[in-house]
Amino acid sequence: MDFDITGITPKFLKSCKVDQLIDGFASACELYSAVLDINGRILIEPSGPNAYLGEFYVLMSDPKYYSLYQKITNFIIASGEPMYSEIDDGNPDSRLSAAPIFVDGRFVATWILYAHSKAQNQKLFKSFDKQGMIAGCLSDIISRLYVGSLTMSEDKEVRTELEFERQCKETVNEILDVIVDGDKRAVTDIYEKVGKLLDIDFMVYYKFDRSNPTNMDLTEYWAKCGRGEEAEKLFCWDNDHYSPEIAAKIKSDGLIIDKNSMTNRMRVEVFNGNVKAIMVFPIFIKGEYDGRMIFIENTKERVWSEPEITFARQITEIISKDLEVQLKLHDIEEGWQIIKDVAEAIPDYLFVRTPDGKIIFANSALKDRLGMDIVGKDSGFIVPMNDGYIDDAGVLQTSKGISVYQRYIDVLGGIYDVTESFHKWRTYDRISIVILEPSKSEEL
């Protein structure tokens, strides 16, 4: 198994109670004990009788003894076995033994027992074989616990990732509900939900300035620190004067920069030293580039995960589609306003009705003639729907989508030429525009 041995730390060994087992054995033998990693750093603090504990600590931590430790580790690596040896520390009675500790077959640490006196030396000699046996048992225990901890850590990461994806789906559904309801007041809430879920500092929408292709207009944003001029200074990125390559990438697949890909030049020249990580995705409306959605991390170094990137892309696509729908609705509203303006300008009577006969618009001439506002009423009291009048109406002309005929209209007290045209419009599958003009034959 390939793993990072830097995870074998004093904290990990304490959590496994390995320090208690080693210190307990050394205490029972009245010897000094310590565990060092392969680079000579202390993993389990020196312990032993108080008399020479200070000298032993110096022996384990003083850099001048590092060459001695290297010789010990080189012997252990070459032989794979414990060793017993004299030690030149100025005391003729000093001896030490060293036993290797392996994790999943990989040498990671050395357990050292030290004797300072002749009496301790005798105990060390007797304990040497037991030390090797215990080191072997500890190697097995640590291996199982460490590999298990890695598996638990991986499981935790998977659960965290799944929980994030679940929250992403919930957020997407909430956003879709807001868009379907057409509640534009909730746009700020959308940005806030996404920003908090991604744990970013800013979420920004810039619209492409068609009058000046290198500039963009700040349209909407959310800031963790709150909206205002100071916040806008921190994420201001309203031009493409930095790099044609980056600009082109933004307008195609998007730009994803984090700890692994941020360069010093980019940090200074493009982001003015503010940005630690950023995702930029293009917004397309009717197949044309219309702006960019930016997700910004200014506070901490980070690496974007695949679920985070996927979520940010999905949000950008949803907002793009909503903006395209809003543009279409705007065009329709403009067309609707033109129709209303024309309807108000003509002297004839005009109203618009839905397939169930409900009037959704009437011009002022007709409302004034009837003396009331008829919007929302059933149009049957003026002109019945088609299936009720075709048989007894004098049809003058019928073409695709248009019916022209004469009819006596009770509420208007006369014969009128009726022109009715059928259309798809706004949120209705089908509407009809009805124009009523006094019949010229009646005038004669």
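The values are calculated or read from the model by the stated rules, or taken from the named source; none is laboratory data. Not measured: the values here are computed from a predicted model. Here the Cβ positions follow ideal geometry from the backbone for every residue, glycine too, while neighbour counts run over all protein chains shown. For accessibility, only protein heavy atoms count, side chains too; no ligands or nucleic acids. Shrake-Rupley method; radii C 1.70, N 1.55, O 1.52, S 1.80 Å.
Side notes on the structure shown:
- Consider segment 193-213 and keep the residues that are open to solvent by less than 70 Å² (accessible area, probe 1.4 Å) and within 15 Å of residue 282 (Cα to Cα). The one that is modelled with the lowest pLDDT is 209.
- Segment 65-99, residues that are of a type in the set (S, T, N, Q) and either free of Cβ contacts under 8 Å to residues at least 12 places away in the same chain or out of contact with any Lys or Arg (no Cβ under 8 Å at 6 or more places or on another chain) (or both): 67, 70, 73, 74, 79, 91, 94, 97
- Any chance residue 95 is modelled with pLDDT under 85 and either over 25 Å from residue 63 (Cα atoms) or in contact with a helix residue (DSSP H, G or I) (Cβ under 6 Å, 6 or more places away or on another chain) (or both): no
- Selection count, segment 320-345, where residues are touching a residue at least 40 places away in the same chain (Cβ under 8 Å) and more than 30 Å from residue 281 (Cα to Cα): 2
- Selection from segment 287-298 of residues that are part of a loop (DSSP other than H, G, I, E, B) and under 24 Å from residue 270 (Cβ atoms): 298
- Pairs meeting the criteria (first residue in segment 111-135 and assigned to a helix (DSSP H, G or I), second residue open to solvent by 50 Å² or more (accessible area, probe 1.4 Å) and of a type in the set (Ser, Thr, Tyr), beta carbons under 8 Å, at least 6 apart or on different chains) are 124/84; 125/84; 128/84.
- Matching residues, segment 50-64, being open to solvent by less than 60 Å² (accessible area, probe 1.4 Å), in contact (Cβ under 8 Å) with a residue 24 or more places away in the chain and either out of contact with any strand residue (DSSP E or B) (no Cβ under 6 Å at 6 or more places or on another chain) or on the phi > 0 side of the Ramachandran plot (or both): 59
- Residue check, residue 128 under 18 Å from residue 30 (Cβ atoms) and not β-branched (Val, Ile, Thr): yes
For (1) among the basic types (Lys, Arg); (2) surrounded by fewer than 16 Cβ atoms within 10 Å (Cβ to Cβ); (3) modelled with pLDDT of 90 or more; (4) part of a loop (DSSP other than H, G, I, E, B), each residue gets a yes or a no:
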{"site": "342", "(1), (2), (3), (4)": "no, yes, no, no"}
{"site": "347", "(1), (2), (3), (4)": "no, yes, no, yes"}
{"site": "350", "(1), (2), (3), (4)": "no, no, yes, no"}
{"site": "359", "(1), (2), (3), (4)": "no, no, yes, no"}
{"site": "367", "(1), (2), (3), (4)": "yes, yes, yes, no"}
{"site": "376", "(1), (2), (3), (4)": "no, yes, yes, yes"}
{"site": "380", "(1), (2), (3), (4)": "no, yes, yes, no"}
{"site": "395", "(1), (2), (3), (4)": "no, yes, no, no"}
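- Selected residue (only one of 236, 225, 168 is at pLDDT 85 or above and surrounded by 12 or more Cβ atoms within 10 Å (Cβ to Cβ)): 225
- When residues of segment 284-316 are limited to those that are β-branched (Val, Ile, Thr) and within 15 Å of residue 249 (Cβ to Cβ), the one nearest to the chain's Cα centre (by Cα): 309
- Taken over segment 299-333, the criterion of being open to solvent by 70 Å² or more (accessible area, probe 1.4 Å), in a helix (DSSP H, G or I) and modelled with pLDDT of 75 or more is satisfied by 306, 310, 313, 314, 317, 321.
- Candidate set from segment 317-369 (those that are under 43 Å from the mean Cα position of the chain (by Cα) and of a type in the set (Lys, Arg)); member that is farthest from residue 201 (Cα to Cα): 328
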